[in-house]
1. Within segment 165-176, can one find any residue that is farther than 21 Å from residue 258 by Cα and modelled with pLDDT of 90 or more?
2. Residue by residue through segment 132-146, note down the ones that are at pLDDT 95 or above and open to solvent by less than 20 Å² (accessible area, probe 1.4 Å).
3. Does any residue in segment 28-46 that is closer than 14 Å to residue 120 by Cβ and open to solvent by 60 Å² or more (accessible area, probe 1.4 Å) come within less than 9 Å, Cβ to Cβ, of a residue that is in a helix (DSSP H, G or I) and among the charged types (D, E, K, R) six or more places away or on a different chain, and which pairs are these?
4. Residues 16, 33: which one is within 22 Å of residue 256 (Cβ to Cβ), of a type outside the set (Asp, Glu), modelled with pLDDT of 90 or more and in contact with a helix residue (DSSP H, G or I) (Cβ under 8 Å, 6 or more places away or on another chain)?
5. For segment 229-267, how many residues are farther than 26 Å from residue 194 by Cα and modelled with pLDDT of 90 or more?
6. Name, by its number, the condition in (1) out of contact with any strand residue (DSSP E or B) (no Cβ under 9 Å at 6 or more places or on another chain); (2) of a type in the set (A, V, I, L, M); (3) at pLDDT 85 or above that does not hold for residue 94.
7. Those residues that are surrounded by fewer than 24 Cβ atoms within 10 Å (Cβ to Cβ) and in a helix (DSSP H, G or I), I need them from segment 47-58; list them, please.
8. What's the total number of residues in segment 39-79 that are at pLDDT below 80 and acidic (Asp, Glu)?
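The values are calculated or read from the model by the stated rules, or taken from the named source; none is laboratory data. Every value quoted in this text rests on a predicted model; they were computed, and no experiment measured them. All Cβ positions, even for glycine, are placed from backbone atoms using ideal geometry, and neighbour counts span all protein chains on display. When the accessible area is computed, the model is the full protein with side chains, heavy atoms only, and any ligands, DNA or RNA have been set aside. Shrake-Rupley method; radii C 1.70, N 1.55, O 1.52, S 1.80 Å.
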Amino acid sequence: MLRTRLISAAVAIPFLAWTIFLGPLWFFNLVVLFFTFVALREFAAMALEEHQGAATMVTAGGMTIALAMGLMRSPAAVSAGIVMCLAGVLLGTLATARRDDTDMRSRVDMAGQILLGCLYGGLLLPHFISVRDLPDHGPQWVFFVLGCVMAGDAGGYFGGRALGRRPLAPSISPNKTVEGALASFAASLAVGAGINAMVLQALGPLEAVAVAGVVNVLAQTGDLLESMVKRAYGAKDSGWLIPGHGGVLDRTDSLVLPIVFVYYYAILSRGGLGLP
C-alpha cells in the first residue's frame, strides 16, 4: 500500500506543479472540473446507488454549480447555479413523490442527501479555480494549500504509525490517533512556513505559521467528515481512481475546506482582490 502511494505521488506531484504554475488556465480549470465530476459520481454511487434518478440529479445539480463557478465565476452566476440546482432537486422530488406519507418522507430525506452531494462536490472543490485565478499570487496560494495538506497527510501517516497510541475519533475513524494528528499539524506548520518563504512570499513568518495551522485543522476535519459519511453508508473507499488512495473524494476530503478558507482569507486579509 505504501509503495503504491509513493508511486502515485511521484506521478501526481510533477503533473500538479506543471498544471498550477505553467499550464494554461483553461487546462487547470478542466482538471478541477473533471475531478469535480468524478467526486459527484462517487458520492452518488456511495450514497444513492439504488436510486438511479437521484444519482443523476446529484451529478447534474453539482456540475451546474461547478460550471457556474469555473466558467462564469461572477457572484450572480454562482448564485444562479445554486438556485437552479435547488429548484431542480425540489421539482424532481415533487414529481416523484407519492400520496403515501412514508414515501413522501423518504423522498424529502433523499432530497437532503442529493443537495448535500451537490453542494459538497459541486460548490467546494471548484474553489481551486477561484484561488488559481486570484490576481495576487493565485498559483502560489494553490501550491501553499496543496503543500500544507500533503505534508500533513504524510506527517499524520508516519507519525501515527510510529507514535500513535491514543485514538482520536474511534467511532468515526478507528485508525487515527492523537499523536498522528499532532505530527500532521507540526508537518503542515513546517512546510507552510517553507513554502511561504520560498514560493508564496505573501505572508509574514508568524502569519504563515498561523494560516498553515488553520489549513491543517480544516484538512483533518474534512478527512474526519468524509470518514463519517463513508461509515454512514458502509463504504470503505469512495472510489478507485487514484491507486493507493481510493477515489477522488478520499483524496480531496482534506483539501476542500482549506481551499475555501484560503480563498476568503486571501481576499479579506488584503482588503480585496489583489490589494496589498
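1. Checked against the condition, which is being farther than 21 Å from residue 258 by Cα and modelled with pLDDT of 90 or more, segment 165-176 yields at least one hit.
2. The answer is 141, 142, 144, 145.
3. Cβ pairs passing all conditions: 35/251.
4. Values: 16 fails: modelled with pLDDT of 90 or more.
Exactly one residue qualifies, and that residue is 33.
5. 0
6. (3)
7. Let us first name the residues in segment 47-58 that are surrounded by fewer than 24 Cβ atoms within 10 Å (Cβ to Cβ), namely 47-56.
If the condition is that a residue be surrounded by fewer than 24 Cβ atoms within 10 Å (Cβ to Cβ) and in a helix (DSSP H, G or I), then 47, 52, 53, 54, 55, 56 are the ones that fit.
8. Counting residues in segment 39-79 that are at pLDDT below 80 and acidic (Asp, Glu) gives 2.
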